[in-house]
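Read the structure below first, then the notes.
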Amino acid sequence: MSTLHLVDHPLIQHKLSIMRNRKTGSKDFRELLSEIAMLMGYELTRDLPLEDIQIETPICKMTAKTISGKKLAIVPILRAGLGMVDGLQKLVPVAKVGHIGLYRDPETHMPVEYYCKLPHDIEDRIVILVDPMLATGGSACDALAMLKSHGCQNIRFMALVGCPEGADRVMKEHPDVDIYIAAMDERLNENAYIVPGLGDAGDRIFGTK
């Protein structure tokens, strides 16, 4: 069964509060999103496998730890997920980046696929799927299904803000995928936006509204 991880470090809560404020502009919103993604990345990568290597310090030889050969891939759900890539890449600069393009139909609120480009060896990597908002769960579930259709078996989903409806759907449809979020909000409203949420993350990242 999947596990829901609430990554609620005080620094994350503080930065998220600034992001929620409607007066916060796009520049600060983007920078805060990247910073939170990096902070959440520490928790998400906590169980990466290690192996021993032999090194020599200025004092003596020793056995030290290094991350073993398992490779990572970061896959943002376009377009808002792009805002989380830079923060994660600061932690893992060698991670490959794929892209999945989905948008929400304004009438049905259902995700519509328009793009998918993944690393050629995606099935051999630990995949971190990222999207700032886990609302209905439709986009996340569709993106997870797309990754699995390409052979991915070790996937983690990371969002900034979620709600019970979206989290329940992802855990039901993809019980093998752990979810990492910074805040669990109250509910969805009639327009399928998270309440209290932070508005449309894509619009706030790119200044399109």
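The values are calculated or read from the model by the stated rules, or taken from the named source; none is laboratory data. Everything numeric in this text was worked out from a predicted model, so none of it was measured. Neighbour counts run over all protein chains shown; Cβ positions are idealised from the backbone, glycine included. Protein only, heavy atoms only, side chains kept; ligands, DNA and RNA dropped before computing areas. Shrake-Rupley method; radii C 1.70, N 1.55, O 1.52, S 1.80 Å.
Hey, any idea what Rg/Rh is for segment 137-209, computing Rh the Kirkwood way over Cα pairs?
1.00
Given a 1.4 Å probe and heavy atoms of the protein chains only, how would you sort Phe206, Phe29, largest accessible area at the top?
On the way: Phe206 90, Phe29 0 Å².
The ranking, largest first, comes out as Phe206, Phe29.
Put a dot 7 Å past each Cα toward the Cβ at Lys117 and Val94; how far apart are the dots in nm?
Those two pseudo-labels are separated by 2.4 nm.
What residues qualify as long-range amide H neighbours of Cys116, i.e. H under 5 Å apart, gap of 5 or more or another chain, H built at 1.01 Å from N?
Amide H to amide H, under 5 Å and 5 or more residues apart or across chains, Cys116 pairs with Gly101.
Take Ser68 and Met110, extend 7 Å from each Cα along the Cα→Cβ direction, and tell me the distance between the two endpoints in nm.
Each label point lies 7 Å from its Cα, and together they span 4.3 nm.
For a test of understanding, tell me how many lysine pairs in segment 13-170 have Cα atoms under 24 Å apart, given they are 8 or more places apart or on different chains.
So the count of such lysine pairs works out to 18.
What does DSSP give for the chain in terms of the percent of beta bridges that are antiparallel, rounded to the nearest 5?
40 percent
Please identify which residues in segment 146-169 have an amide N closer than 16 Å to a label point set 7 Å out from the Cα of Thr208, following the Cα→Cβ vector.
none
Based on alpha-carbon atoms only, what is the radius of gyration of segment 64-187 relative to the globular estimate 2.2 N^0.38 Å?
1.03
Any chance you could look up the accessible area of Arg20 with a 1.4 Å probe, heavy atoms only, rounded to 10 Å²?
It works out to around 70 Å².
Run the numbers for Thr45 and Gln153: contour at 0.36 nm per residue of separation, minus the present Cα-Cα distance, in nm.
Additional length available on full extension: 37.3 nm.
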